[in-house]
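See below for the structure under consideration.
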Amino acid sequence: NVNHETGGLVYVVEQNTANYPHYCDWSQSYGCPAGQAAYYGRGPIQLSWNFNYKAAGDALGLDLLGNPWLVQNDASVAWKTGLWYWPTQSGPGTMTPHNAMVNQAGFGQTIRS
């Protein structure tokens, strides 16, 4: 995941800028205070979507919803978001990437989150 999402640890931000405006889920009560195009993929697992920035920020005690640029500008924050996401979030998949690995669900399950 990390190798693919970052181009071999070269990129800290998502390269397809055309996708940037699509990561704002306006159905969330808190909206997208940093702007509609602010929640693109950043960090080693390419944290994206306003709801993931909110949840990661809450878990880490940071305002990532209001300042998502912290993930690309602070390497420590970037890695913390990746380490938070891997064992806690399933995304559209049925299990977290960590659970997919320890339960031998296969590589496909690790990348569905």
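A few comments on the model shown:
- Projected-area average for the range 33-74 over all orientations - Cα convex hull basis, square nanometres: 2.6
- Its Cα gyration tensor gives the range 2-110 an equivalent ellipsoid; the semi-axes, largest first and in whole Å, are 22, 16, 14.
- Relative packing of 18-27, 52-61, 34-43, 72-81, which averages over residues the other C-beta atoms within 10 Å, highest first: 34-43, 52-61, 72-81, 18-27
- Lys, Arg +1 and Asp, Glu -1 on Cβ, resulting dipole of the range 2-110 about Cα centre, debye, nearest 20: 80
- Rough spin-label spacing in nm, given labels placed 7 Å along Cα→Cβ, for residue 107 and residue 74: 3.5
- Inter-label distance, nm, simple model (7 Å from Cα along the C-beta direction), residue 25/residue 63: 2.3
- Around residue 78: net Lys/Arg minus Asp/Glu count, Cβ-Cβ under 15 Å: -1
Read-outs throughout are calculated quantities, based only on the coordinates presented, and are distinct from any laboratory measurement. All values derive from a computational prediction rather than experimental measurement. FYI the Cβ positions are ideal-geometry reconstructions off the backbone, even for glycines, and counts take in every protein chain you see.
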